[in-house]
Amino acid sequence: MATAGGGSRETFSSKLGFTLAAVGSAVGLGNMWRFSYMAAENGGAAFVMLYILMTALVGLPVMLAEMTIGRGARNSPIKALAHFGGTAWQPLGLLFVAAGVIILSYYAVIAGWTARYAVEGVVFGFLDPSKSADYFTQIASGPQAAMWHVAVMIVASSIVVGGIRGGIERVSLILMPVLALLIVGLAIYASTLSGAGEGYTYYFSTDFKSILKAEVLQDAAGQAFFSLSLGMGAILTYSSYLSRDHHLPNESLMIAVSDFGVAFMAGMVIFPILFAFGLQNQVSGSTLGTLFITLPSAFAHMGGAGRIIGSLFFIALLVGAITSMISLLEVVVSSVIDTLKWPRKRAVVVAAVCITLFGLPAAFDINILGLMDQIGGNVMLVFGGLMLSLFVGWAMPDAIDEVSAGTSGIKWFFLWRGLLRFVVPAVLLFVMYFLIVGTVNMIGNMFGS
Ligand code: TRP
């Protein structure tokens with residue numbers, strides 16, 4: 001079968017390599033920083049059910065759509081969309097690259113804080129609890145934040161320079177099992193703390209009324225897209241390095257289940273620890289606050305054990321962040337390689353320098369970081385998902401043939417296409433409306449009065 005990318009495109013060397021790289025992209029700050037917080041704030045187990053429903057109904061179909069486009073075209077987003085849909089669809093690919101730049105720019109700032117906490121935890125332990133909040137304010141924005149932002153960008157770039165097999169796949173094969181072990185180990189430790197029971201009760205307390213609000217649906221959808229790395233071509237790009245014998249539905253299911261597993265386990269680590277040290281009242285406020293203020297003060301309370309547990313926690317978080325960063329960077333890098341025909345090394349250096357500079361404002365002002373998250377991490381992803389579902393549902397001529405390569409039966413793929421044609425666009429249009437209203441308000445609050 002002729003492919004747009006030609007025969008020379010690199011491939012993942014093993015099935016596991018692709019799966020772990022894609023899981024690495026999905027599992028990141030989003031799982032540990034946003035998921036458990038949202039669940040706790042939005043009705044506990046009721047939110048978790050809504051999240052699972054959103055993932056099944058919207059997330060999985062869109063993920064499969066990205067995989068189908070990427071593997072079919074064997075090319076990065078801009079050219080892959082043109083391959084199946086003509087040049088009219090190229091701007092969407094360009095938008096994906098832009099989303100990659102925006103998300104990675106601020107994501108790297110948060111990854112930078114994480115790296116700092118991990119390193120300091122190992123070297124000095126965690127600070128006097130009463131100083132936690134001041135400390136975070138002090139290090140979150142400014143020259144030091146910028147320095148750590150640059151440092152993690154250098155780490156991510158040095159992995160992506162190695163290409164798929166020698167860089168991304170190799171690192172994912174080592175780091176993802178490490179992350180899984182760390183998270184499970186931490187959850188087991190947390191379960192032994194007195195007060196763990198109350199933490200679980202808080203995490204799972206179910207309030208069905210609170211999920212009947214439109215904002216909660218929007219949160220669940222936005223979270224599903226961000227956490228699964230959907231809506232900006234990251235999964236598409238990784239899939240462009242796949243051969244046609246992969247069973248795409250199985251791959252997508254494996255990724256979604258692993259991603260949910262880690263998010264769920266992160267809550268099993270965080271809530272028992274917070275309750276064990278009586279810090280539950282400090283949970284609200286901001287998602288970042290819980291991760292970078294409340295938890296570190298819990299680790300400080302724990303004394304010697306806290307230094308080990310806390311360091312391991314931030315190392316796990318850092319591992320998740322780095323494997324996500326490389327997927328975001330690869331979208332930009334592979335697009336530059338494929339469209340401008342640059343060698344990989346030059347593409348990585350130029351892309352990384354631009355993204356690092358673009359992220360500096362977020363490193364100096366946390367409000368800018370929040371705005372970039374809202375626009376790049378919410379609005380652009382939901383819009384991208386909407387366009388992807390319309391593309392594969394209506395515009396792409398042979399979507400069913402493409403998705404079913406590597407599988408034996410094709411019966412239920414019609415159901416998939418039906419979801420992409422009607423259900424996914426309807427849900428995402430609804431969500432889009434609330435997101436735009438929310439974003440306009442946010443910008444109004446920042447610059448108005
Ligand atoms: N999924 C990652 C997380 O949960 C973040 C991420 C990586 C991402 N690649 C992405 C988000 C692509 C959106 C699109 O932290």
Do you know which residues across the range 282-337 are under 17 Å from Gly112 (Cα atoms), away from the ligand (no atom under 16 Å from the Cβ) and polar (S, T, N, Q)?
Ser311
Condition broken by Ile366, with the remaining ones in (1) under 24 Å from Met446 (Cα atoms); (2) more than 17 Å from the chain's Cα centre (by Cα); (3) of a type in the set (A, V, I, L, M); (4) open to solvent by less than 10 Å² (accessible area, probe 1.4 Å) satisfied:
(4)
Can you tell me which residues in the range 290-303 are in contact (Cβ under 8 Å) with a residue 12 or more places away in the chain and open to solvent by 10 Å² or more (accessible area, probe 1.4 Å)?
Thr290, Ile293, Ala300, His301, Met302
Could you say whether any residue in the range 168-186 is farther than 30 Å from Leu329 by Cβ, surrounded by 20 or more Cβ atoms within 10 Å (Cβ to Cβ) and small (Gly, Ala, Ser)?
no
On the basis of being within 16 Å of the ligand (Cβ to nearest atom) and crowded, with 24+ Cβ neighbours inside 10 Å, does Val58 make the cut?
yes
Residue check for Ser76: out of contact with any helix residue (DSSP H, G or I) (no Cβ under 6 Å at 6 or more places or on another chain) and not charged (D, E, K, R)
no
What tally of residues in the range 196-240 results from selecting those that are open to solvent by less than 10 Å² (accessible area, probe 1.4 Å) and more than 16 Å from the chain's Cα centre (by Cα)?
6
Between a residue in the range 342-357 that is closer than 18 Å to Gly166 by Cβ and open to solvent by 80 Å² or more (accessible area, probe 1.4 Å) and any residue that is part of a loop (DSSP other than H, G, I, E, B) and not small (Gly, Ala, Ser), which pairs come within a Cβ distance under 7 Å, given they are 6 or more apart or on different chains?
Lys345/Val161
Restricting to helices (runs of 4 or more DSSP H) lying wholly in the range 152-231: which have 1 or more residues that are touching a residue at least 40 places away in the same chain (Cβ under 8 Å) and of a type in the set (Val, Ile, Thr)?
170-191, 214-227
With the condition kept exactly as written, say whether any residue in the range 33-46 is surrounded by fewer than 19 Cβ atoms within 10 Å (Cβ to Cβ), under 23 Å from the mean Cα position of the chain (by Cα) and over 26 Å from Gly167 (Cβ atoms).
yes
Pair list, Cβ under 7 Å, 6 or more apart: the range 325-341 residue closer than 18 Å to Ala108 by Cβ, other residue more than 11 Å from the ligand (Cβ to nearest atom) and hydroxyl-bearing (Ser, Thr, Tyr)
Leu329/Ser157
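Can you find a residue that is in contact with a Gly (Cβ under 7 Å, 6 or more places away or on another chain), more than 16 Å from the ligand (Cβ to nearest atom) and open to solvent by less than 30 Å² (accessible area, probe 1.4 Å) anywhere in the range 114-132?
yes
The values are calculated or read from the model by the stated rules, or taken from the named source; none is laboratory data. Note that the structure is predicted; figures quoted are calculated from it, not measured. Note: ideal-geometry Cβ built from the backbone for every residue, glycine included; neighbour counts use all protein chains shown. Note: accessible area is taken over every heavy atom of the protein model, side chains too, but ligands, DNA and RNA are not part of it. Shrake-Rupley method; radii C 1.70, N 1.55, O 1.52, S 1.80 Å.
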